[in-house]
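What follows is a single structure, written as structure tokens, with notes after it.
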Amino acid sequence: MRWNSLLVFYLKQIGKSKLYMGASFLVFLLLITRLIIFFANEFNPEAYGQLPGEIAMIVQMISLFYIIFFFRLQSNELLYGIQAFFVDGYRIMVEKISSMFVAHTIIQGMMLAVTYLIFAVTYFAVGIEISYIYLSLFRFLLLYMFFPFVLSMMYGIVVAMLFGKNKISFFLILLIWIVTGSMVSELFVDFFSSIQANEWRSLLFIGLNSVQHVYQSYIGFDMHWGNELKLLTWFLVITGAILILSLRWTLIVRERNWVLMIVFFIAFVTIATANGSIELSTKAFSRADQTIEVEYYKDLDNPKTDLRYEIEAYTISMNDHNVTVQIDFSKMNTKNPTFQLYHAYPIKWIKEEDELVDFKRSGDILKVNLLGYTDSLTFQYEIIDTQLIPYTNSNIALLADKAWYPKKRASHMYEENELIDWIELTEDFIPEENYVFTLQVREPLFTNLPKKGEVYHGNTQAVTLIYGQGNQLTYDDYLITYPADWPKMEERVPEVLFQLDKTITGIKRIAPTTVDTLPSNIVFSNFGLSSFMIKDHLVYNTGYLEAVNSEISMKDLHNNLIRFIVPQKGSNLLFDEWVTMSGEYIRDITNGGTNMFGLSPNFGFLSEAEHNVVLTIYNKYNQLNLEQKQQFLREWYRNMNEDWTWDQVLELVERGR
């Protein structure tokens, strides 16, 4: 009865407080203002998945007001010292704090509901389809708005119990506000960019890894069970601190003993939740994990491989994160075959028939020591969360260009590109390669294999398997898969498919291609996934946070498709310039947007003499008509080899006139 009266009392106190209610209304004012700015900017990208990241800055600002409010409320309660003069004074104090906490939680629950409604209405208004993204949006706000605001009340209680109305309290409030805020990873970016997801230091912040990047295609929002456990850890730590600080007001030995027992129990649970948080935290949004993955590949040496075998068929079975792959061989001419398999996936065993065999790993190259010339091998390994292939909340995109199953390749999955000081995929799909795949998995969002009964089965060059947030639509004979935060795709797909089809037709006029027609399975993304095309499916990353049919997204489409389906010839510099020039030609004949005349990104690596020759080539090229351009580009590609120089290209373009 007393506790209920206290709850009503504190609800009234909160409702009458200009500080608390003003701060609460300011949350919605700031949010609506940010949304207006977002949509008023005509150059603003369609980054709807990133939009909830706006809440981080608002939470950082408003939490200070909540800390101050509850500090003042609790310090005034303690000032009179009633809890020290009554037999049940300590119990009264505990009931006051708990009812204060529940009152604050109720108000924050209502604020969460209104905030979610604002975002949900915004999403629905722009055309984002009803899907799991709406549920995960609520969970995102729960993690990064509701719980941080609830914890801010506890910070105020701790400061009040430590120093009361002493002036040092305000310095401590400011310090706590900074180091516990949701923007702390941005305020101290250099420090937090060096912390991996599975480090104990990751417990030092409860906010987003990056407020600019909170959503990844098919993976979803930056949230995970590790983050919930981290919040629970913080809650337990602060609860324990409040109980320890409250010991000074215990008048009965039995009360003191009970508090100590509870504190010890909380300490035990805290260690468990902290450890669970570290184990479950995702690497998908971690800056440090990305840096470490990149540096790992930069340090790898060229592997020694033995590919004297031929693969006939794969049988892949996936049970949650455990994968079993049986490879059947049509030819095996070595006892030490090597395979490409992503280095991060722990291998449990490899069997030749029913016998375990030894193996060694060097980066992504796996060397197996066979007992004899076998006709099959079985691999069992584990799919885990990594930065390059994140596996978060059971969402994962295992693309055909990644070594997520053992492949016959002579290189690591990535290699360093010294020109850009970064890494790039080494996958080169061979047009002639074709394997029989049988995939035993739960229903995926997308796979390029057709379903045959309870399994997915068919012949293809490589397999893509996607679980995660996304939608699909069928247009003519095409199955289109796209991220959950992309709106109005039914209106946009026809324009994009038209350009894709026309581009492939245009490319075939000037060079031989590995793919003759646009595949019927198409996967779109704009962040996180790579891009490639093989005979039965296309995965295309627009590279921009823009609508898929926007001018900026479409401007690179022609150049990208050329790289997907035209085998590289000659030096990198000459081939890149040929791709750039060919892209301009295809834009001309397909009316594929504004002519983006310009040199290739590698133009800056040329010498001054080469600059002048290349500029002369472009000048003469632009004087050709479309038929002459087509003939020039076709002859350039047909004759280009490693010995070709810019002078030979110049001679060819002059003949074209």
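The values are calculated or read from the model by the stated rules, or taken from the named source; none is laboratory data. This one's a predicted model, so the numbers in the text were calculated from it and none came from an experiment. FYI the Cβ positions are ideal-geometry reconstructions off the backbone, even for glycines, and counts take in every protein chain you see. Note: areas computed on protein heavy atoms with side chains; ligands, DNA, RNA excluded. Shrake-Rupley method; radii C 1.70, N 1.55, O 1.52, S 1.80 Å.
Might you tell me the accessible area per residue for the range 413-475, computed with a 1.4 Å probe and given in Å²?
I get 50 Å² per residue for this part.
Under the rule of -39500 (n - 2.57) per DSSP H run of 4 or more residues, summed and divided by the residues of the chain, what mean residue ellipticity at 222 nm is obtained, to the nearest 500 deg cm²/dmol?
Calculated mean residue ellipticity at 222 nm is -15000 deg cm²/dmol.
Of L187, S330, Q469, which is farthest on the positive side of the dipole of the chain, counting Cα position, with +1 on Lys and Arg Cβ, -1 on Asp and Glu Cβ, and the Cα centre as origin?
Comparing the listed Cα positions along the dipole, L187 ranks first.
Multiplying the sequence separation of I271 and Q623 by 0.36 nm and subtracting their Cα-Cα distance, what value in nm do you get?
Contour length minus the Cα-Cα distance gives 119.5 nm.
Show me 459-467, 196-204 ranked by packing, highest mean number of other Cβ atoms within 10 Å first.
459-467, 196-204
Can you tell me the relative contact order of the range 366-447? Whole percent, Cα pairs under 8 Å, sequence separation 6 or more.
About 13 percent, as a whole number.
Using a 1.4 Å probe on the protein heavy atoms, what percent of the accessible area of the chain belongs to carbon and sulfur?
Reported share for carbon and sulfur atoms: 57 percent.
Taking the Cα atoms of the range 1-122, report the difference between the largest and smallest coordinate on each principal axis, in whole Å and largest first.
Computed over the Cα atoms, the extents are 66, 25, 22 Å.
Cα convex hull of the range 379-425: how many Å³ per residue?
96
Tell me the Kirkwood radius of the range 474-579: reciprocal of the mean inverse pair distance over distinct alpha-carbon atoms, in Å.
That comes to 14.3 Å for the range 474-579.
If you take every DSSP beta bridge whose two residues both sit in the range 405-542, what share of them, in percent to the nearest 5, is antiparallel?
75
Just add up the charged neighbours of S193: K/R +1, D/E -1, any other residue whose Cβ is under 11 Å from the Cβ of S193.
Spelling it out: positives minus negatives among the neighbours equals -2.
What is the packing order of peptides 521-530, 240-249, taking the mean over residues of other C-beta atoms within 10 Å and listing the highest first?
Highest to lowest by the protection proxy: 521-530, 240-249.
For the range 132-280, with equal point scatterers placed on the C-alpha atoms only and solvent neglected, what are the log10 I(q)/I(0) values from the Debye formula at q = 0.09, 0.10, 0.11, 0.17 1/Å, to two decimals?
-0.34, -0.42, -0.50, -1.07
Measure nothing fancy, just the Cα-based angle from helix 147-163's long axis to the longest principal axis of the chain, in degrees from 0 to 90, nearest 10.
Helix 147-163 sits at roughly 40 degrees to that axis.
Along each principal axis of its Cα atoms, how long is the range 532-593 end to end? Whole angstroms, biggest number first, please.
For the range 532-593, the Cα extents along the three principal axes come out at 35, 28, 20 Å.
Taking a cut-off of 31 Å, what percent of all Cα-Cα pairs in the chain are separated by more than that?
In whole percent, the long-distance tail amounts to 62.
Which value results for Rg/Rh of the range 250-359 when Rg is the Cα radius of gyration and Rh the Kirkwood radius based on the inverse mean 1/r?
With Rg and the Kirkwood Rh in hand, the quotient comes to 1.27.
Grab the beta carbon distance between E454 and D428, set R0 = 51 Å, and tell me the FRET efficiency rounded to 0.05.
0.95
Taking a virtual spin label 7 Å from the Cα of I106 along the C-beta vector, which residues in the range 1-32 bring their backbone nitrogen under 16 Å of it?
Those under the cut-off are 1-17, 21.
For helix 253-280, report the angle its Cα long axis makes with the longest principal axis of the Cα atoms of the chain; keep it between 0 and 90° and round to the nearest 10°.
Between helix and principal axis, roughly 10 degrees.
Between K488 and L35, how many nm apart are label points set 7 Å from Cα along the C-beta direction?
According to this spin-label approximation, the distance is 1.8 nm.
Report the full-extension gain for the segment N166 to T334: residue separation times 0.36 nm, less the Cα-Cα distance, to one decimal in nm.
Extending this stretch completely gives an extra 52.6 nm.
Using the structure shown, select from K331/K367; K331/K508; K165/K230; K18/K167 the pairs with a Cα to Cα distance greater than 28 angstrom.
In this structure, K331/K508; K165/K230 lie more than 28 Å apart at Cα.
Summing +1 for each Lys or Arg and -1 for each Asp or Glu, what net charge is found among the other residues whose Cβ lies under 11 Å from the Cβ of N471?
-3
For the chain, find the longest principal axis of its Cα atoms and tell me its angle to the long axis of helix 18-40, 0 to 90°, nearest 10.
It works out to around 10 degrees.
Sorted by packing (mean other beta-carbon atoms within 10 Å per residue), highest first, where do 632-644, 207-219 land?
207-219, 632-644
Taking a cut-off of 17 Å, what percent of all Cα-Cα pairs in the range 41-187 are separated by more than that?
66
Cα atoms only: what Rg and Dmax, in Å, come out for the range 336-399?
13.4, 41
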